[in-house]
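A quick write-up on the structure given underneath.
The values are calculated or read from the model by the stated rules, or taken from the named source; none is laboratory data. Here the structure is a predicted model, which is why all the values come from computation and not from measurement. Methodologically, a virtual Cβ is constructed for each residue, glycine included, from the backbone with ideal geometry; neighbour enumeration extends over all protein chains shown.
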Amino acid sequence: MAQLVSPTALFFSLVGGIIPAVLWLWFWLREDDKHPEPEALIVITFICGVLSIIPTYFAEEYVAKSMTDPTLILAIWALIEEIMKFGAAYVGGLRTRFYDEPIDAIIYLVTAALGFAAAENFLFIVNSQDTVASILTGSMRFVGASLLHTLASAFIGSLMALAFTKGYFTKFCAIIFGIITSTILHTSFNVFIIRNNGGNISVVFIALWLAIIFLILFFEKLRVEDVYS
């Protein structure tokens with residue numbers, strides 16, 4: 001029989017899992033202060049990201065039971081997650097008339113990714129047997145997995161932004177290339193962490209932060225171009 005989760009553990013799981021993602025979301029939405037997206041769509045997209053963890057869980061369980069090669073499993077898991085996050089962004093905002101600027105692709109994909117990360121963090125932390133460990137785990141995932149999810153989805157959004165004024169085929173290729181590249185990035189991160197048993201993690205974090213800084217600069221470039229266009 002499954003062990004019941006205590007109210008205290010549930011509370012700290014929510015704090016450690018949801019709040020870091022919300023803080024990240026707040027940061028990215030501040031970057032889009034010139035022509036902000038409708039708040040309702042942002043909330044819907046975030047919720048879609050949260051709910052996408054459900055089909056992701058069952059798909060990854062099936063993969064884990066059907067395959068034996070650890071690296072291949074990690075790669076397919078990463079692909080599933082990138083597709084699910086993109087699907088959440090599409091259902092939440094990309095299919096609406098409010099997706100009318102290049103920068104919007106990044107906003108909706110990051111929002112969906114942070115919703116997904118929030119749900120993943122919550123499920124990860126709620127399994128911790130110790131409240132203090134839950135808080136520490138949440139802190140680690142705040143600077144780790146959440147950062148990775150944000151970067152991977154934002155990369156797809158960046159390619160979509162570059163292809164915004166192009167034809168349908170170019171846009172489609174941008175999405176496919178973005179998902180494939182993000183999957184490779186995602187898989188490489190997971191494989192590195194596992195093979196190093198959590199060691200040298202600072203190297204990975206530095207690389208992720210540098211990539212995020214580059215992404216923010218690209219975001220600012222899009223915003224400036226949008227203001228003066």
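Some observations on this one:
- Qualifying residue in the range 186-203 (condition: at pLDDT below 85, of a type in the set (S, T, N, Q) and either surrounded by 15 or more Cβ atoms within 10 Å (Cβ to Cβ) or in a helix (DSSP H, G or I) (or both)): yes
- G178 surrounded by fewer than 19 Cβ atoms within 10 Å (Cβ to Cβ) and more than 12 Å from the chain's Cα centre (by Cα): no
- Looking only at residues of the range 61-93 that are of a type in the set (V, I, T) and free of Cβ contacts under 8 Å to residues at least 24 places away in the same chain, we find that the one that is surrounded by the most Cβ atoms within 10 Å (Cβ to Cβ) is I76.
- Test: residue in the range 119-142 that is crowded, with 24+ Cβ neighbours inside 10 Å, at pLDDT below 85 and hydrophobic (A, V, I, L, M, F, W, C): yes
- Helices (runs of 4 or more DSSP H) fully within the range 1-86 that include at least 1 residues being at pLDDT below 70 and closer than 20 Å to I156 by Cα: 7-31.
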